[in-house]
Amino acid sequence: MLFQRLLTAAVLIPIVIFGVFLLPEHRFMLAVGALFTLGFWEWSNFVAKNIIFKLIFLFFGALLLLVLSLVKVDVNEYIMSGSLVWVLLTILLLLNSQKIHNWFGIVNAVIGFGVFSIAFVSMSFLRSEFGPSMLMYLLVLVWTVDIGAYFAGKNFGKHKLIPVISPNKTVEGLVGGLSFSVVCAIFGAYFLGFHGSKVILFCLVTIATAIFSVVGDLFESLLKRQAGIKDSGSIFPGHGGVLDRVDSLLSALPVFVFCLGIIN
């Protein structure tokens, strides 16, 4: 299993690096849109079981991404308003009240539209305004947190983090992931040209982003548990589906972009 994961990563990482640094803006976002459309299809498992409703959700998801790629929006306003709706609906979902049980499909659909659209706008803004290097840093950060959490949890994990949602995640894994994020922040600040007090601020932004990346991972685990599925898909051997790879990134993107706007 580990060999399969490493082999898949060895193939995907050069493709990602090529896309981030070498593809023109419109082609890069087209590729991101295609990836997110696959994510919409996997998310449809959280919305409905009927294939017709799944296809309807997929259609409107792809349409939303197309509109966002053609229309300029106020990024910070979009992130703030969209994130507020997302947080409120997430809280509603986490409450798991019997009164809203029959509305979970609709709630999950709205959350899905919000999650992907906010991340799509954030990624476009991050690459165009802060440059490919900053986007690459965010991707490396998310990967680093994931790797740190995996190895710390596997070797030292004893205390379950939130067993009701994800029985395999541990407190030690969380600490390991956040510790790795600090190391990533120090190196990142140097290579990205931050100096003085900006280094400390950048480290704080990185830690906040890392925390939200873990939240995104846990949230997808919650949705999968409620839907009764182990992996969101199987497109990436050893890694699962698109959502299994981008769940942390979807949450990290808007936080990172918003915080960068504050310290710059």
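The values are calculated or read from the model by the stated rules, or taken from the named source; none is laboratory data. Just so you know, these numbers come straight off a predicted model, no measurement behind them. FYI the Cβ positions are ideal-geometry reconstructions off the backbone, even for glycines, and counts take in every protein chain you see.
All told, SER248 meets the bar of being within 20 Å of TYR137 (Cα to Cα) and either crowded, with 21+ Cβ neighbours inside 10 Å or modelled with pLDDT under 90 (or both).
Return the total of residues in segment 151-164 being within 20 Å of LYS230 (Cβ to Cβ) and buried (at least 19 other Cβ atoms within 10 Å of the Cβ).
Residues of segment 151-164 that are within 20 Å of LYS230 (Cβ to Cβ), as a first pass: 153-154, 157, 160-164.
Adding the requirement that they be buried (at least 19 other Cβ atoms within 10 Å of the Cβ) leaves 153, 157, 161.
Looking only at that region, the number is 3.
Determine whether PHE59 is part of a helix (DSSP H, G or I), of a type in the set (Phe, Trp, Tyr) and in contact (Cβ under 8 Å) with a residue 60 or more places away in the chain. Steps first, please.
Working: part of a helix (DSSP H, G or I): yes; of a type in the set (Phe, Trp, Tyr): yes; in contact (Cβ under 8 Å) with a residue 60 or more places away in the chain: no.
The answer is no for PHE59.
Yes or no: LEU126 closer than 18 Å to PHE212 by Cβ, over 17 Å from the mean Cα position of the chain (by Cα) and surrounded by 14 or more Cβ atoms within 10 Å (Cβ to Cβ)? Taking the combined requirement at face value, the residue does not satisfy it. Within segment 194-220, residues that are acidic (Asp, Glu) sit with their Cβ atoms under 6 Å from residues that are buried (at least 18 other Cβ atoms within 10 Å of the Cβ), at 6+ positions apart or across chains, in these pairs: ASP217/ASP247; ASP217/SER248; GLU220/LEU243; GLU220/ASP247. PHE191 meets all of the listed conditions (1) assigned to a helix (DSSP H, G or I); (2) closer than 25 Å to ILE111 by Cβ; (3) not β-branched (Val, Ile, Thr) but one, namely (2). One residue stands out in segment 13-41 among those that are surrounded by 15 or more Cβ atoms within 10 Å (Cβ to Cβ), free of Cβ contacts under 8 Å to residues at least 40 places away in the same chain and under 11 Å from PRO132 (Cβ atoms): the one that is farthest from the chain's Cα centre (by Cα), namely LEU23.
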